[in-house]
Structures are given as structure tokens and as C-alpha cells.
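Please read the structure below before turning to the comments.
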Amino acid sequence: MADAREDLLAEIRKHREALARLELRLREVEASGADETAALPWPPKGFYLTYYVVAGLMIGVLGSLASFAMNVVGSILVAQDPLLFLRVYGTVFLGVDALRTQDLSFFMLVAVVHFSVGAVAGALFHVLVNFFCPDRTGLHVALGAAYGLLLWLLNFYVVIDWLQTSLYGDAYVLQLMPAWVAALTHLVYGVTLGLAQPIGRFVPYRPAVAA
């Protein structure tokens with residue numbers, strides 16, 4: 001009987017020692033996890049650049065959609081080809097052949113380039129205004145309008161003028177699209193960027209505190 005009791009006590013001591021070792025390992029793991037959490041605070045400190053780049057890309061696409069819709073609706077109202085907008089911009093890729101093509105993949109290519117450029121420009125605008133003058137929607141709209149017109153001047157009279165003249169000997173976009181239409185298109189884009197700023201502002205999630 002005494003031997004059996006000693007065997008049981010020895011087994012208990014063995015399990016207690018194993019349990020103590022496991023508890024020590026658990027505390028080490030928890031301490032390590034606390035260090036990692038401390039190294040990555042939430043919300044992030046300072047300017048959350050990654051968020052504003054991603055949000056700006058989406059807002060840029062929204063601005064491109066607004067300008068695209070304005071061109072399509074305007075063309076329909078004056079009984080023009082609703083795809084004339086894409087055809088004119090498509091002359092950058094095909095020259096005058098873009099005015100006659102019916103290839104849907106071509107229209108998709110022009111649309112993707114249009115939205116991609118708008119997205120990148122929107123990301124740049126979103127980062128700059130939220131870094132230098134956040135929470136000022138009225139100013140954002142004014143800056144967006146100026147930004148859109150600046151993009152029009154740079155895109156048309158620097159990039160497209162040089163690129164198309166180099167490729168085809170003439171800047172077809174400048175000839176085929178009236179300056180006021182191009183300016184208005186970019187103005188709509190820029191104003192949309194400004195108006196959409198509040199929806200792209202970073203607001204960190206914070207758990208509700210029980211009353």
C-alpha cells in the first residue's frame with residue numbers, strides 16, 4: 001500500500017513539474033506577442049500613406065467615371081457617337097484608324113488607360129491634400145478644380161502633343177477635341193476628386209466602450 005501511494009505522489013509531482021514548464025512557455029509566448037503588438041500600434045502613428053494611396057486610387061477612378069459619363073451623355077444629347085470620346089483618345093494608339101474601328105477590345109484598352117491614369121492622378125491628389133490640408137472640403141473642391149485644369153494643360157499640350165506628333169506627325173487629339181470640352185472634362189474630374197475627399201479620409205476603428 002505504501003509503495004503504491006509513493007508511486008502516485010511521484011506521478012503527481014511529475015505532472016506538476018510538466019504543468020509548470022508549460023505555464024512558463026505560455027508566459028513567454030504572451031510576452032513575445034505583447035512586444036509584437038507594441039511594435040505595430042493601432043491606429044498607425046503619423047500619416048497613413050498606404051491607406052491614402054489606396055483610397056486615392058479609388059477616388060481617382062470615381063473622378064474618371066464622372067468625366068467619362070459627362071462625355072457620353074453630352075455626345076448623346078448632341079446626337080454624336082457616344083464612343084467618340086474613346087475614339088479621339090484612341091488616336092494616341094492607332095492614329096486616324098481609331099476613328100473608324102469597331103473593335104471592342106480597342107475601346108476596352110482606351111477605357112482602361114483612361115481609368116488607370118485617372119486613378120494614379122487621384123492617388124497623388126488625395127495624398128497631397130490630406131497631408132497638407134486635411135478636413136477642409138471646400139478648399140479640396142477648389143484645389144480639385146485647379147488640379148483638373150492643370151492635368152488638362154499637361155496632358156494635352158505637353159504629353160499628347162509631343163507623343164502624337166512623334167508617332168504620327170500630328171496631334172489628332174488636339175484637333176478633334178475642342179479645347180473647352182477637354183477643359184470641362186478635366187474640371188469635372190477634379191471637382192469630383194475634391195467632393196469625394198471625405199469618403200477617403202482615414203477614420204480608425206475603435207471598439208465601443210460600455211457605459
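Only the coordinates and a few stated rules stand behind these numbers; no lab work does. Quantities reported herein were computed from a predicted structural model and do not represent experimental measurements. Note: ideal-geometry Cβ built from the backbone for every residue, glycine included; neighbour counts use all protein chains shown.
Using a Förster distance of 30 angstrom, determine the FRET efficiency expected from the C-beta separation of residue 76 and residue 201, and round it to 0.05. Please report the intermediate quantities before stating the final value.
On the way: r = 35 Å, r/R0 = 1.17.
Computed FRET efficiency for residue 76 and residue 201 comes out at 0.30.
Taking the simple approach of a point 7 Å from Cα along Cα-to-Cβ for both residue 16 and residue 133, what is their distance in nm?
Each label point lies 7 Å from its Cα, and together they span 7.3 nm.
Which of the helices in the chain, when you take each full DSSP H run, stretch at least 15 Å along the axis at their Cα atoms and have an average Kyte-Doolittle score of 1.0 or higher? Write down the numbers at each step before the final one.
Details: long enough: 2-39 (56 Å, -0.61); 49-77 (41 Å, 1.73); 104-132 (42 Å, 2.01); 137-154 (25 Å, 1.61); 179-195 (24 Å, 1.51).
What comes out of the filter, once short or polar helices are dropped, is 49-77, 104-132, 137-154, 179-195.
Sorted by packing (mean other beta-carbon atoms within 10 Å per residue), highest first, where do 172-178, 142-148 land? Display every interim value, and only then the final one.
Numbers: 172-178: 16.4, 142-148: 20.3.
Averaged packing, sorted descending, gives the order 142-148, 172-178.
Based on DSSP loop calls and a cut-off of at most 11 other Cβ atoms within 10 Å, the longest stretch of the chain free of exposed trypsin sites (Lys or Arg not before Pro) is what? Could you put the intermediate results ahead of the total?
Numbers: sites that count: 45, 100.
Result, exposed sites excluded: 101-211.
Where does each of 73-83, 190-200 land if you order them by average Cβ count within 10 Å, highest first? Could you put the intermediate results ahead of the total?
Values: 73-83: 11.6, 190-200: 21.2.
The packing order, highest mean first, is 190-200, 73-83.
Please give the calculated 222 nm ellipticity per residue for the chain, where each DSSP H segment of at least 4 residues contributes -39500 (n - 2.57) and the sum is spread over every residue; nearest 500 deg cm²/dmol?
-25000 deg cm²/dmol
Is the shape of the stretch 1-116 best called rounded, prolate or oblate, per the rule: a/c under 1.5 gives rounded, else a/b larger than b/c gives prolate, else oblate, with a ≥ b ≥ c the square roots of the Cα gyration tensor eigenvalues?
prolate
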